[in-house]
Number of protein chains: 6
Amino acid sequence: MQEDDFIRSDGRKPNELRKIEFETGIAANATGSVLVSFGNTKVICAACVEKKVPSWLKSAVPPKGWISAEYSMLPYSTLSRKQRASSSGKQDGRSVEIQRLIGRSLRAIADLEKIPETTLWLDCDVLQADGGTRTASISGAYVAAKIAVAKALSEGTLDADPFTDSVAAVSVGIHNGRCLLDLPYSEDVDAEVDSNIVMTGSGKFVEIQSTGEESTFDSGQLLELISLAKSGIEKISALQQEAINKALENFPSQKKEQATV
Amino acid sequence: MQEDDFIRSDGRKPNELRKIEFETGIAANATGSVLVSFGNTKVICAACVEKKVPSWLKSAVPPKGWISAEYSMLPYSTLSRKQRASSSGKQDGRSVEIQRLIGRSLRAIADLEKIPETTLWLDCDVLQADGGTRTASISGAYVAAKIAVAKALSEGTLDADPFTDSVAAVSVGIHNGRCLLDLPYSEDVDAEVDSNIVMTGSGKFVEIQSTGEESTFDSGQLLELISLAKSGIEKISALQQEAINKALENFPSQKKEQATV
Amino acid sequence: MQEDDFIRSDGRKPNELRKIEFETGIAANATGSVLVSFGNTKVICAACVEKKVPSWLKSAVPPKGWISAEYSMLPYSTLSRKQRASSSGKQDGRSVEIQRLIGRSLRAIADLEKIPETTLWLDCDVLQADGGTRTASISGAYVAAKIAVAKALSEGTLDADPFTDSVAAVSVGIHNGRCLLDLPYSEDVDAEVDSNIVMTGSGKFVEIQSTGEESTFDSGQLLELISLAKSGIEKISALQQEAINKALENFPSQKKEQATV
Amino acid sequence: MQEDDFIRSDGRKPNELRKIEFETGIAANATGSVLVSFGNTKVICAACVEKKVPSWLKSAVPPKGWISAEYSMLPYSTLSRKQRASSSGKQDGRSVEIQRLIGRSLRAIADLEKIPETTLWLDCDVLQADGGTRTASISGAYVAAKIAVAKALSEGTLDADPFTDSVAAVSVGIHNGRCLLDLPYSEDVDAEVDSNIVMTGSGKFVEIQSTGEESTFDSGQLLELISLAKSGIEKISALQQEAINKALENFPSQKKEQATV
Amino acid sequence: MQEDDFIRSDGRKPNELRKIEFETGIAANATGSVLVSFGNTKVICAACVEKKVPSWLKSAVPPKGWISAEYSMLPYSTLSRKQRASSSGKQDGRSVEIQRLIGRSLRAIADLEKIPETTLWLDCDVLQADGGTRTASISGAYVAAKIAVAKALSEGTLDADPFTDSVAAVSVGIHNGRCLLDLPYSEDVDAEVDSNIVMTGSGKFVEIQSTGEESTFDSGQLLELISLAKSGIEKISALQQEAINKALENFPSQKKEQATV
Amino acid sequence: MQEDDFIRSDGRKPNELRKIEFETGIAANATGSVLVSFGNTKVICAACVEKKVPSWLKSAVPPKGWISAEYSMLPYSTLSRKQRASSSGKQDGRSVEIQRLIGRSLRAIADLEKIPETTLWLDCDVLQADGGTRTASISGAYVAAKIAVAKALSEGTLDADPFTDSVAAVSVGIHNGRCLLDLPYSEDVDAEVDSNIVMTGSGKFVEIQSTGEESTFDSGQLLELISLAKSGIEKISALQQEAINKALENFPSQKKEQATV
């Protein structure tokens, strides 16, 4: 880890995150919402509570709830316009894969028996894409979900908080032979190895996806990437907690404002 | 017009608009973008320039461009979550109708021969719905489109500005027998007559849609609604111009910032 | 209105309707049916009674019925063959927009609480298209609906007639600067303003849609168009009534013939 | 064949056709069209000429044309309303099967090399269904096709008539152990064996489909059914020829009328 | 029938079947399964028992079960790869037609009242296509179905065997004027007449489909084809019975093996 | 790693693979094919060469080919029948995710510039599912691909072998706190951690996917899982090589047989 003095094209050190922000309350009709920014990547994350479950869960014993995610890139989130799934008639494979990852990540820290007969929907719409949209989505989805749970508890829609830990994610990769944290599109596009690491606030892994892009990697590189991700996720977890605390402080006044919508 | 002293449930007079704001630059990868608010109704409008035209226009003589709009409600824009068109597999009829109206409204003020071989895409995604989303979309789409045209001219993607006038829209309706301007959802839901009026900045009609909701209306009522809409659209047109001017003032610095994305 | 002496390419005066005919009983398995002709525009309109309602209406208090319309152009209704929606996999936007208009127009004159647990389906299939297919469809749909209601009452499928008025529609437009009634395709295709007006038999508006086609219009022109439409709709309403009366006169014999199908 | 004195519920002898009529010119924008009636079964058949071929035929040597059919039941053609394929999003299997049969039947009597680069579209829309819609469709499609070819030859759209024979079809079946010709729905619904026979005007088979409906049959029964069909098809062929001759006699005047559409 | 000494390109006599084999147990998780080979044509046929019926059968009196078939060509079954229906979004017309034929053929020999509230699914996936895939599918589906019924009876999932006879199918055709049995692709592709004959083990017809491919045929030819098919089906029926007997002999051991899956 | 003496429910040690077999030539019309078995999991893998590339690759400089995979579970591969994607109208998310993984894994060991203008299609159809279908698919797809490349080289369809290494995959997981290799369904269904590891024959990682199923894991556990996978993949790589060698030995005779298909 002697590469600290290498400077990336956007001025960061290899182990430095982009500027990460959570702007809560962006979509006031959602139960919880946040605009999460990882540098120029911006994703609207919203959480909604629905009092029903997918049909295959209906007869679960003991009764369980569910957490389901949907991910989409708004057509204008990329420099050349992207066709909508509603126009092409079906979701592309990449979006399907990402929304399944978001759902699994949130379910990994949830006790679904605490929210019987309930689906917590997590919608992630990319407003601006500059690399790392899936890790920003997971990190933002947790913030939106916690705010939604607090609101639903105060309104009596839920009886208990299903979450037993927090969850966040970051991308790491190998670019020109160097391990880098939180890659923007310009680095991601020609990285040799591309990884997405999802961890809990207490430092356990939820999901590791590490892919050689028309390339391969060895154990030493994997361990270095994981260590880099761990340091980044610790910082993101702290920022998540701060954003949630601040949103819940303002909760009574926010609730009043909501009432007039 | 003696009803000036009636006060609506949100404190407005019958002929008073909600607070209308245009926050430009909301989606930095789009060529032009704005978050338009009509009170609690908030719509992301983005304009993108694509250098091709629909197949049926390809052999037009003289060559013409096209303006095409897409409208969608984000799932969390309503108090109870709305399924995505990409999940249900098709757009609902209401969205199809609205996006056709947005496209027609912008084409009515455009000389499409000035943008040959080019499609100007207008995407309107409702972030928060509280009545009047289609009129907010039209009003915002014009702002996004003008900014996009300015940017495309400066970058050489376009050779000429196709717009010969401005366009804006507002809803008017009859509620409990009283003509009202710019209805929020609480008034819209049980209005007897629901109208959407689209006009140019120079005061000409582009589109009038006036519908009795399981009800009917007469000529006098129609004229009163149209006059109410006209006064509202004049104010919206001024706000549009102000937002466009301000966005273009900041243009060089905005351009620089864009370059680092 | 001094233009009475202008003669249109098909020999009509500006304020003259095309030959309008209602041939009832065209589709004997439907509860009510009519082939409506506005000149060369011919539409099969059929009404069917179904004893269920859309799911969102099921728990309405008090119980209500529904009126739903479907519109389609038969592939051979235009001079160059039009692909079927069942082949392309989805309805085009224009058809969606038109069938929503037909449904709203019929619901505007109906008391839906009089037909609880019932959907009145109105199918409009264009056999031959020469402009004004949506206004012919609305005018024909009312005739088919009234015959279907009479038959359903006599058979005990319905307990009450939901209709409290009649409804008819006509197109008006501005062509070469002149206001014209009931435009055929040759005038419609390059009209500056294209309007569709829906009115009740008692002279109230149900819906006004007035669109500048890459063009705009002013209040004076709007009023002239509306006045022209009003005169046309009065005549159409009289023809509708005549056709309904004639069909119901023959009702017992028609019923017998039906029984052998 | 001693059963001649048995009388069916609609008054016919076992070997008697229903009343068969061909009303040509029903859809004036089609190149050729006919409303064919087999008793209460009524089908609109239309033929259109399109100057392109399916992609897999484009490089055929020598160049060939194609004949393609589409079949659909209008929603109001049955006593209880049938959902449209455009609403359900896909064609039902039965319609797919029938339209493939219609296409094959017409291609069997055509020399497709005589219409290079050309598709002859045959649309069959059932207006009223009372058994035998597929055989009525084939019989009507031939009439529409011949009229379309004559018109296309006179207009120069085609250079040669592809048809080398005529084609017609009829249903036969075994009902309560008795062989019957041209079954209406009331007989068809509980027939033990259901057959559709397609033959040329010169008495050759094009297609034989004979199905035991949850039942089986033997060679003797098959031969009796085929012989019954043959006698019926001879009569239908004569009626087809008569209808075509009459339509072509009126051809010049019809053409003039068409020109004003 | 003097052509016995003609030798086909693959060495067979005109009235000779290809090598026909039934390899049972190919898909051990299905209730019954077989890999059927007609020469180089190989089809996986599997039968599954589901304890529910299509919605339109739910209220049948007396209660009935259903038999439903699905047919598909695996993408690599043909020499040039065939796109999957799940990629194109819909099944092609030919597959729809074939799976309807398979279902009808099996239902013709079944008493559906013996399997109330039950659907017997028959899946036929073509592994290798060399002509006659639909007749191989029917012949194999019966073997899979009988094994599945035996297993379901032994497990108590079914109370009675619905089958009252056996069913098999073979293709026959006229090629260069000569009647041939069981055509491979090389003969099928340019046959003048193409027939598929479905018969019971007891020698009754279930379905006859005889098609002139851009050609026609007469009664004498039809009878010769049917006679040829009959001789072939007798042999296939014997092979089916042998395969079923052998599979059921091994039944107890097979059951044990299944238990460890 | 002291757990060697623990015996799993199917009799294996924790670090023992199931019986793995590659039966080549299963689908003779494919360019290369294999039936791969990992115990009771059986997958048909087929490789086909198509001389075109996806549209987005058409103008690549230098020209490149592509490798694309499709994965599907046959309806009868599971104990309760699974609906086909062609019936439901769309692929489920899990299948999309798996086929993307298969494609990436094969592309990681390929130099796509060696097969310009060419797509290598890899189809994986699960015949019998008992856990690990995605890792069996990757391992089988490589064998099918290598055979297809050899055949295409000998036929002149390809000029060069794109593969620079081999690739194989295996599942590992934590079940009741114990790290296990190659999990069958009975272990997989309640494993705490589920991982799929893809490696080259030369021992480099291609993809690591490690997921806590409503659970989490730490670095030590990850390393133990990876080490277990490595030992398994070494054995699978050897079996792949053996199967490929044996298939290519028989190549001339196989080729001859193919010619008569």
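The values are calculated or read from the model by the stated rules, or taken from the named source; none is laboratory data. This is a predicted model, so every value here is computed, not measured. Because the Cβ atoms are built from the backbone with ideal geometry, glycine has one as well, and the counts that use them run over all protein chains shown. These area figures cover heavy atoms from the full protein model, side chains too; ligands, DNA and RNA do not enter into them. Shrake-Rupley method; radii C 1.70, N 1.55, O 1.52, S 1.80 Å.
Numbers below:
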| read-out | value |
| --- | --- |
| Of all residues making up segment B:205-261, the number that are among the aromatic types (Phe, Trp, Tyr) and modelled with pLDDT under 85 | 1 |
| Members of segment F:50-76 found to be modelled with pLDDT of 95 or more, closer than 15 Å to F:LEU112 by Cβ and open to solvent by less than 20 Å² (accessible area, probe 1.4 Å), listed by number | F:GLY65, F:ILE67, F:ALA69 |
| Whichever residue in segment C:11-54 is of a type in the set (Ser, Thr, Tyr) and within 20 Å of C:ILE233 (Cα to Cα) and, among such residues, is farthest from the chain's Cα centre (by Cα) | C:THR24 |
| Residues being within 14 Å of chain A (Cβ to nearest Cβ) and in a helix (DSSP H, G or I) - total across segment B:72-101 | 11 |
| Pair list, Cβ < 7 Å and 6+ apart or interchain, from segment D:16-44 residues that are under 19 Å from D:TRP121 (Cα atoms) to residues that are of a type in the set (Val, Ile, Thr) and part of a loop (DSSP other than H, G, I, E, B) | D:ALA28/D:VAL261; D:ASN29/C:THR78; D:ASN29/D:VAL261; D:SER33/D:ILE26; D:VAL34/D:ILE26; D:LEU35/D:ILE26; D:ILE44/D:ILE26 |
| Count of residues meeting criterion [of a type in the set (D, E, K, R), touching a residue at least 12 places away in the same chain (Cβ under 8 Å) and open to solvent by 20 Å² or more (accessible area, probe 1.4 Å)] in segment F:94-129 | 7 |
| Single condition D:ARG107 does not satisfy, out of (1) more than 30 Å from C:THR31 (Cβ to Cβ); (2) away from chain E (no Cβ under 14 Å) | (2) |
| Failed condition for B:LYS230, given (1) in a helix (DSSP H, G or I); (2) open to solvent by less than 20 Å² (accessible area, probe 1.4 Å); (3) in contact with a Gly (Cβ under 8 Å, 6 or more places away or on another chain) | (2) |
| Enumeration of residues in segment D:172-191 that are closer than 18 Å to E:GLN209 by Cβ and of a type outside the set (Gly, Ala, Ser) | D:VAL172, D:ILE174 |
| Residues that are closer than 30 Å to E:GLY203 by Cβ, free of Cβ contacts under 8 Å to residues at least 60 places away in the same chain and under 16 Å from the mean Cα position of the chain (by Cα), drawn from segment D:217-249 | D:ALA229, D:LYS230 |
| Test result for A:GLU117, acidic (Asp, Glu), at pLDDT below 95 and under 14 Å from the mean Cα position of the chain (by Cα) | no |
| Unmet requirement for B:ALA191, which otherwise passes all of (1) over 24 Å from B:LEU57 (Cβ atoms); (2) under 11 Å from the mean Cα position of the chain (by Cα) | (2) |
| Subset tally (residues that are more than 14 Å from every other protein chain (Cβ to nearest Cβ), open to solvent by less than 60 Å² (accessible area, probe 1.4 Å) and part of a loop (DSSP other than H, G, I, E, B)) for segment A:16-25 | 1 |
| So C:SER37, is it of a type in the set (Ser, Thr, Tyr) and modelled with pLDDT under 95 | no |
| Unmet criterion (only one of (1) over 21 Å from E:ILE44 (Cα atoms); (2) within 12 Å of chain E (Cβ to nearest Cβ); (3) at pLDDT 95 or above) for F:LYS42 | (1) |
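Matching residues to (1) closer than 26 Å to C:CYS124 by Cα; (2) over 13 Å from the mean Cα position of the chain (by Cα):
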{"residue": "D:LEU79", "(1), (2)": "yes, yes"}
{"residue": "D:LYS90", "(1), (2)": "yes, yes"}
{"residue": "D:LEU112", "(1), (2)": "no, yes"}
{"residue": "D:ASP123", "(1), (2)": "yes, no"}
{"residue": "D:GLY132", "(1), (2)": "yes, no"}
